[in-house]
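The values are calculated or read from the model by the stated rules, or taken from the named source; none is laboratory data. Here the structure is a predicted model, which is why all the values come from computation and not from measurement. Positions of Cβ are generated from backbone atoms using ideal geometry, with glycine treated the same way; all protein chains shown enter the neighbour counts. The protein model used for the area step is the full one, side chains on, heavy atoms only, and it has no ligands, DNA or RNA in it. Shrake-Rupley method; radii C 1.70, N 1.55, O 1.52, S 1.80 Å.
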Amino acid sequence: MEKIGIISPHCDDETLGCGGTILRHIKKGNEVFWIIVTEPHKGIGFNKDKLEEHKNLIKEISKQYNFKKTIELNFPSAELDTIPKKKIIKKISDIIKKEKLEVIFLPFHGDVHSDHRIISECSISSIKWFRNQTVKKIIEYETLSETDFNLNNNKAFFPNMFIDISDYIEKKLKICEIYKNEFNAHPFPRSLKNVESLSIIRGATSGFKNAEAFKVLRILIN
């Protein structure tokens, strides 16, 4: 059994980036911890009712996956660049240490959204081997409309690990439907058609019917 941490800048990134992989790990009996770094707030147009709706959404997504634990860090969404990085690093590091996480999935460091880039950087700082010695694998996931919208060729996403999610793509799509406010009809980047299409493309690259693609940053073997 492995203890796996999914570091999600915003709730929905976990499903877009590695929803099928999460389902696969839980099916195998691994313990998966969902770490949501940011939360919406009034400054970005969320009133009391919308904030309550957001809380209920997190509960429903957690139930769908059957996470071992859902952890909310409650940093302000879209304002991470105003927060000292040491605060973010400490919170992430403390969770990894407390839960003794062994595998970490985090957003790609070249994503367009500043929250993703900051969280990727802070997560990597949090899992230096002398800080958290339980971590053996560090893996980046891709996120539609963030990873693929980066126009800097020096920060392009070149996956080197593919996970077969053929048995889980339908469930992933159903979970995507719960995020109704984040999705729209094709050709909107975050459409159900695009989610499935990406899984087919990644599958064709790796010999699977449907796959999710990742970039492995580090594997420790002892």
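Of note:
- Beta bridges per DSSP with both ends in the chain, % antiparallel, nearest 5: 30
- Figure note: T143, T82, T134 ranked by solvent-accessible area, largest first, 1.4 Å probe, ligands and nucleic acids not counted: T82, T134, T143.
- Entries of K50/K174; K63/K136; K3/K209; K69/K98 with Cα pairs more than 19 Å apart: K50/K174; K63/K136; K3/K209
- Net charge contributed by nearby residues that have their C-beta within less than 10 Å of I6 (K/R +1, D/E -1): -2
- Among the protein heavy atoms of the range 15-81, carbon and sulfur supply 46% of the accessible surface, probe 1.4 Å, non-protein parts ignored.
- Working ranking of peptides 149-155, 201-207 by packing, defined as the average number of other Cβ atoms within 10 Å per residue, highest first, is 201-207, 149-155.
- Dividing the summed -39500 (n - 2.57) terms of all DSSP H runs of n ≥ 4 by the residue count of the chain sets its mean residue ellipticity at 222 nm at -12500 deg cm²/dmol.
- In terms of packing, defined here as the mean over residues of other Cβ atoms within 10 angstrom, the peptides 69-79, 117-127 line up highest first as 117-127, 69-79.
- Full-extension gain in nm, I201 to K48, via 0.36 nm per residue minus C-alpha separation: 51.0 nm
- Anisotropy class of the range 59-154 from Cα gyration tensor, a/c 1.5 cut: rounded
- Heavy-atom SASA rank of F130, F162, F33 (probe 1.4 Å, accessible area, largest first): F130, F162, F33
- Highest mean first, the peptides 93-99, 215-221, 21-27 sorted by other C-beta atoms within 10 Å per residue fall in the order 21-27, 93-99, 215-221.
- The range 1-67 and the range 80-95: distance between their alpha carbon centers, rounded to Å: 19
- Heavy-atom accessible surface of the chain, averaged per residue, reaches 51 Å², computed with a 1.4 Å probe.
- With contacts taken as Cα pairs under 8 Å at a separation of at least 6 residues, the chain carries a relative contact order of 22 percent.
- Carbon plus sulfur fraction of accessible area for the range 167-222, probe 1.4 Å, in percent: 54
- Proximal aspartates and glutamates to K85, defined as alpha-carbon separation beneath 16 angstrom and excluding residues fewer than eight positions away on the same chain: D94, D115, E121
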